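Comments concern the structure below.
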Amino acid sequence: MAARSETAGTTGILNTRSEQRQAEKRRVFDPLFSRYWLPVTRHVECYLDVDAEVYEVVAQVFQIAWERLRPARPGGLTWLLRIAEGVLRDRRRRGGLREPVLDAVHKNVVTNPAEASTLDRRDVLQAMARLNERERRVVVLTYWDGLSTGEAAEVMRSRPGAVRATLRRAREKLRDALEGGSQW
């Protein structure tokens, strides 16, 4: 009988500690979710156009974030975007991802306002298709998500100088394609 009460007492302590860890995790996670849900959603919307799929991916991102969360060292936006990139990469491998449509490219790459007003989404898609995957990623992170090159480098696990060089090449390719450097 003594062994039973000793075991029950230990279980009660474990439950209390587990509950305390969960409460601490929730205390850190809730503000993280509130602050970054919209930026993560916008990032995913860049790749998916069906709302249900967007919300499914965003939910998966925050579920993974919850599972990996260390309350003493919570991640920020770049951490969540890295998780989102991984989830999207998995979808891409399964063939469930289409090319992004980036209206932000219009205002950030095209220098002639008259030509920018005549461009349509198809033109942007065709121009984006000329970029390699790394260049598209840098464009999405900087123009769509509004990250600095340093933050984009953190998401991509790269050096800021390499991201700046990639962004410069991508801008040149997009500008050439969108300003008539080549005919469709």
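Of note:
- Karplus-derived HN-Hα couplings along region 66-79 (A = 6.51, B = -1.76, C = 1.60, θ = phi - 60°), whole Hz, x at Gly and Pro: 4, 5, 8, 4, 10, x, 6, 9, x, x, x, 4, 4, 4
- Integer Hz, Karplus 6.51/-1.76/1.60 couplings in order for region 51-60, x for Gly and Pro: 3, 4, 5, 4, 5, 5, 5, 4, 4, 5
Read the figures in this text as sums done on the coordinates, not as results from a lab. Only a predicted model underlies this, so the values are computations on that prediction, with no experimental measurement involved.
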